[in-house]
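One structure is given here, and the rest of the page talks about it.
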Amino acid sequence: MEGKPWVFDAHCDTVYRCWQTGEGLARNTGAVDLERVERAFGCYAQIFALWADPDRAGGGPEGDYAALLACARRQLAANRRRIVLCRTGGEVRRAWAQGRAAALLSVEGAQLLGCDPERLERAARDGVRVITLTWNRANALSGSHRDHPEQGLTEQGRRFVRRMGELGLLVDVSHLSPAGFWDVMALSRRPVLATHSNARAVWEHTRNLTDEQITAIIKNHGFVGLNFYPDFVGGNRDLDSVRAHLDHILELGGEEQVGLGGDWDGGETIPALPDIGALERLYEYLLCRHYPEAVVRGLFYNNLMRVVSLP
């Protein structure tokens, strides 16, 4: 592989950070900005999460959704020559052909949409492609990994997931309860994403996926995005520790399902990967260890591109 890496990352909280700090997407002191992207990568696509801290005083979850969406739109409009909102793989490829980065939107925590299946059509029109059903707290759809983990999808949650499928929206099971995960896998007729979740067999944490869950996503032709948050990486919290999660998913047969889900601006990242531009280090690290070209391309962009390209 020659030249700069191409990157398609499944999760960052940069919109929330821009909203809170007033900094912009072009250049900021966080983990993701366009200047670093353009220096580091040949082509770039990013799923930007719309997420808000539930403990923050404000206009409530649905008001936060409107404010976050407006912030995302302002940032994209201000940088329209450099990045464009996309929803499909075809649109991402067109952006790349124009020399622009691609932005896709997710909603992290369906409470931002009132957990209402009737709100999904509007979200799709807003440009949302991915919805993380819960954050760390349970909501009207399901329990979460740490709040009522025994609670699976409610009847409302089942209606929500079915409606997502009808609209071509992709379900993200990161943060979801184990019971909710298996309910989603039984219901979904589309590939399921865990946009920013690691392997629990490598590091024990409730946010990481069990082998059984990873195998189910592989059989579903879905996607698992490696998360660089230290508490989920574990070990020595370095590139070798990240590699251990990658290798484990590959050993389970996930060569075409594993990708990047850095969780940028969602908290601290491991020292070896402090910001989005540092993915160059991971790219070079894997090449130096003789990973096959197809595996590295899959990890960095092809596997997520495959999923978002499906109708």
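Listed here are the residues, each with its yes/no results for (1) open to solvent by less than 10 Å² (accessible area, probe 1.4 Å); (2) touching a helix residue (DSSP H, G or I) at 6+ places or on another chain (Cβ under 8 Å).
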site	(1), (2)
Trp6	no, yes
Arg27	no, yes
Ala66	no, no
Arg82	no, yes
Cys86	yes, yes
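Close contacts from the stretch 62-75, counting a first residue that is over 14 Å from Arg125 (Cβ atoms) and a second that is outside any helix (DSSP H, G or I) and open to solvent by less than 30 Å² (accessible area, probe 1.4 Å), with Cβ to Cβ under 6 Å and a gap of 6+ residues or different chains, come to Asp64/Ala52; Leu68/Leu50; Gln75/Leu25.
Could you list, in sequence order, the residues of the stretch 227-259 that are within 19 Å of Ile276 (Cβ to Cβ) and either without any contact (Cβ under 8 Å) to a residue 24 or more places away in the chain or of a type in the set (Phe, Trp, Tyr) (or both)? The answer is Phe228, Tyr229, Phe232. Please verify whether Leu112 is within 14 Å of Phe48 (Cα to Cα) and either free of Cβ contacts under 8 Å to residues at least 24 places away in the same chain or within 19 Å of the chain's Cα centre (by Cα) (or both), treating the condition exactly as stated. Against the criterion (within 14 Å of Phe48 (Cα to Cα) and either free of Cβ contacts under 8 Å to residues at least 24 places away in the same chain or within 19 Å of the chain's Cα centre (by Cα) (or both)), Leu112 does not qualify. Mind counting the residues in the stretch 228-238 that are surrounded by fewer than 19 Cβ atoms within 10 Å (Cβ to Cβ) and of a type in the set (A, V, I, L, M, F, W, C)? Of the residues in that region, 0 qualify. Taken over the stretch 178-227, the criterion of being open to solvent by 10 Å² or more (accessible area, probe 1.4 Å), assigned to a helix (DSSP H, G or I) and among the aromatic types (Phe, Trp, Tyr) is satisfied by Trp182 alone.
Only one of the listed residues (Pro178, Pro191) is more than 20 Å from Val307 (Cβ to Cβ) and touching a residue at least 24 places away in the same chain (Cβ under 8 Å). That residue is Pro178. For the stretch 112-121, which positions are under 16 Å from Arg162 (Cα atoms) and open to solvent by 10 Å² or more (accessible area, probe 1.4 Å)? Answer for the stretch 112-121, where residues must be under 16 Å from Arg162 (Cα atoms) and open to solvent by 10 Å² or more (accessible area, probe 1.4 Å): Asp116, Pro117, Glu118, Arg119, Glu121. Close contacts from the stretch 266-289, counting a first residue that is under 13 Å from Ser241 (Cα atoms) and a second that is part of a helix (DSSP H, G or I) and open to solvent by 30 Å² or more (accessible area, probe 1.4 Å), with Cβ to Cβ under 7 Å and a gap of 6+ residues or different chains, come to Ala272/Arg281; Leu273/Arg281.
Scanning the stretch 1-49 for residues that are of a type in the set (Gly, Ala, Ser) and within 14 Å of the chain's Cα centre (by Cα), we see that the one that is nearest to Gly89 (Cα to Cα) is Ala45.
The values are calculated or read from the model by the stated rules, or taken from the named source; none is laboratory data. Everything numeric in this text was worked out from a predicted model, so none of it was measured. Backbone-built Cβ (ideal geometry, glycine too); neighbour counts: all protein chains shown. Heads up: the accessible areas ignore ligands, DNA and RNA and are worked out on the full protein's heavy atoms, side chains in. Shrake-Rupley method; radii C 1.70, N 1.55, O 1.52, S 1.80 Å.
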